[in-house]
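The values are calculated or read from the model by the stated rules, or taken from the named source; none is laboratory data. Everything quoted here is computed from the prediction, not taken from an experiment. Note that each Cβ is placed from the backbone with ideal geometry, even for glycine, and that neighbours are counted across all protein chains shown.
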Amino acid sequence: MTKVNVVSTIMRVVLGILFLAHGISKMQMGLGNVEAWFSSIGVPGVLAYVVAVLELVGGILLIVGLFTRYVSVLFVILLIGAIFSVKLPAGLLGNSQMAGYELDLSLIVVALYLIFSDHSPLSVDHAIFRKRRA
């Protein structure tokens, strides 16, 4: 295993943990509350459920390395949506009321890397695709 493979694996797992934590946080707040907050900022409330499930399930899938490219594409779309629907007015570094979108940009870059990189040897994707090639 190369250094690049180790770093790719770390990036994938950490991104998965971060999204899983956000999904768990939404569940703990109560999806009804998250739906109400989405509606209050002009985002359709039903997207609260979509986002929460994507963060939970997608986070788990990234941690184990299954469907990494597809999940990463969905996370890029989700993050771009978060930037344009919520965080853009606060600016890159945020303001006294809200965080900026600097973290979102960083997570987009990590997800983009995972979309275009080879499968990490420590992933379910690698095991599946290696067997198909053989």
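When the residues of the range 124-134 are filtered to those that are at pLDDT below 85 and either under 18 Å from residue 75 (Cα atoms) or not charged (D, E, K, R) (or both), which remaining residue is surrounded by the most Cβ atoms within 10 Å (Cβ to Cβ)?
Here is the first cut: in the range 124-134, the residues at pLDDT below 85 are 129-134.
Next cut, either under 18 Å from residue 75 (Cα atoms) or not charged (D, E, K, R) (or both) only: 129, 134.
Numbers: 129: 13, 134: 5.
Checking each candidate, the answer is 129.
Being touching a residue at least 60 places away in the same chain (Cβ under 8 Å) and not in a helix (DSSP H, G or I) is the requirement here; does residue 120 meet it? Here the answer is yes, as residue 120 does meet what is asked. Just one of the numbered conditions (1) more than 24 Å from residue 115 (Cα to Cα); (2) surrounded by fewer than 17 Cβ atoms within 10 Å (Cβ to Cβ) is not true of residue 43: (2). Within the range 90-134, the set of residues being touching a helix residue (DSSP H, G or I) at 6+ places or on another chain (Cβ under 9 Å), of a type in the set (Ser, Thr, Tyr) and farther than 15 Å from residue 13 by Cα comprises just one member, 101. Elements of the type helices (runs of 4 or more DSSP H) sitting completely within the range 6-87 and holding at least 3 residues that are under 13 Å from the mean Cα position of the chain (by Cα): these cover 47-64, 68-82.
Can you confirm whether the range 105-123 contains a residue that is loosely packed, with under 14 Cβ neighbours inside 10 Å and touching a His at 6+ places or on another chain (Cβ under 9 Å)? Within the range 105-123, one or more residues are loosely packed, with under 14 Cβ neighbours inside 10 Å and touching a His at 6+ places or on another chain (Cβ under 9 Å).
For the range 89-106, does any single residue satisfy the condition of being of a type outside the set (Gly, Ala, Ser), assigned to a helix (DSSP H, G or I), over 18 Å from the mean Cα position of the chain (by Cα) and more than 30 Å from residue 126 (Cα to Cα)? Let's see the steps before the verdict.
If we filter the range 89-106 for residues that are of a type outside the set (Gly, Ala, Ser), which is where we start, we get 89, 92-93, 95, 97-98, 101-105.
Now restrict to residues that are assigned to a helix (DSSP H, G or I): 89, 102-105.
Now drop any that are not over 18 Å from the mean Cα position of the chain (by Cα), which leaves 89.
Filter again for more than 30 Å from residue 126 (Cα to Cα), leaving 89.
Checked the range 89-106: at least one residue is of a type outside the set (Gly, Ala, Ser), assigned to a helix (DSSP H, G or I), over 18 Å from the mean Cα position of the chain (by Cα) and more than 30 Å from residue 126 (Cα to Cα).
Residues of the range 55-72 that are touching a Phe, Trp or Tyr at 6+ places or on another chain (Cβ under 6 Å) and hydrophobic (A, V, I, L, M, F, W, C): 61 alone.
Please work out if residue 79 is farther than 16 Å from residue 123 by Cβ, surrounded by 17 or more Cβ atoms within 10 Å (Cβ to Cβ) and touching a residue at least 12 places away in the same chain (Cβ under 8 Å).
On the way: farther than 16 Å from residue 123 by Cβ: yes; surrounded by 17 or more Cβ atoms within 10 Å (Cβ to Cβ): yes; touching a residue at least 12 places away in the same chain (Cβ under 8 Å): yes.
Considered against the rule, which asks whether it is farther than 16 Å from residue 123 by Cβ, surrounded by 17 or more Cβ atoms within 10 Å (Cβ to Cβ) and touching a residue at least 12 places away in the same chain (Cβ under 8 Å), residue 79 comes out as yes.
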